[in-house]
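Inspection log for the structure reproduced underneath, given as structure tokens.
FYI, it's all coordinate maths here, none of it is from the lab. Note that the structure is a prediction, hence the values are computed from the model and not measured. Cβ atoms come from the backbone with ideal geometry, glycine included; neighbour counts cover every protein chain shown.
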Amino acid sequence: MDESPHVVLDANLIVRGLLTPYGGSGRALRALAEGLFVFVTSESILYEVATILSEPRVQRYGPFPPDEIRQRIDLLRRIGVLVPGRLDVALVPTDAKDNPVVACALEGGAQYIVTDDRRDLLPLKVIRASGYRPVQIVAPSAFLKEVLGVR
């Protein structure tokens, strides 16, 4: 049985990690590439990553041509555990757009959601839903240091 933590990375964290590989988000993506945790994701999260990478405000950092975006999404799909994305939850009271991230974590049995979302997700700290394991919501720096022991 795999002892590695099962982790959902939110879309903004993935994009930030691709754009700035030396920050906490980039270090989280490197930890993923090194196999330090099991990446749990959904088509909803991957679609959001592709959408954000296509936005003009992000393209100025790339640019990210459509083929390159597709390749990155395909890579994330291959290295991740893709959940069906059928769970409908309303557990993020301040931003319903974050509910698919929580649903992915619950559906995929993830122990952690790693995010930089200080407004909506991080304040929740732990998601508890009947019939599912609790999911801790942590910032990349805390996840790397406290969970993975990476500095």
| Order of V49, V114, V89 - criterion: other Cβ atoms within 10 Å of each residue's Cβ, fewest first | V89, V49, V114
| If you place +1 on the Cβ of every Lys and Arg and -1 on the Cβ of every Asp and Glu, how big does the dipole about the Cα centre of the chain come out, in debye to the nearest 20? | 340
| request: First measure r as the distance between the Cβ atoms of T20 and E43, then evaluate 1/(1 + (r/R0)^6) with R0 = 22 Å and state the FRET efficiency to the nearest 0.05. | output: 0.30
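What shape does the stretch 38-122 take by its C-alpha gyration tensor, where a ≥ b ≥ c are the square roots of the eigenvalues and a/c under 1.5 counts as rounded, a/b above b/c as prolate, and the rest as oblate?
Oblate, since a/c reaches 1.5 and b/c is not below a/b.
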| Which FRET efficiency value, to the nearest 0.05, is calculated for R151 and T94 with the Förster distance at 41 angstrom and r the Cβ-Cβ distance? | 0.80
| task | Please check the chain for the longest run free of GluC sites (Glu not before Pro) that are loop-located per DSSP (anything but H, G, I, E, B) and have at most 10 other Cβ atoms within 10 Å. | result | 35-151
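Once fully extended, how much extra length lies between S130 and D67, figured as 0.36 nm per residue of separation less the alpha-carbon to alpha-carbon distance?
So the chain would gain 18.6 nm between S130 and D67.
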| field | Local electrostatic count, A33, Cβ distance below 13 Å [Lys/Arg +1, Asp/Glu -1] | value | +3
| message | Cut-off is 10 Å between beta-carbons; in what order do R27, R86 appear when sorted fewest neighbours first? | response | R86, R27
| query | Listing D98, D10, D67 from the residue with the fewest other Cβ atoms within 10 Å to the one with the most, what is the order? | reply | D67, D98, D10
| So what's the gap between the Cα centers of the stretch 63-115 and the stretch 1-47, to the nearest angstrom? | 10
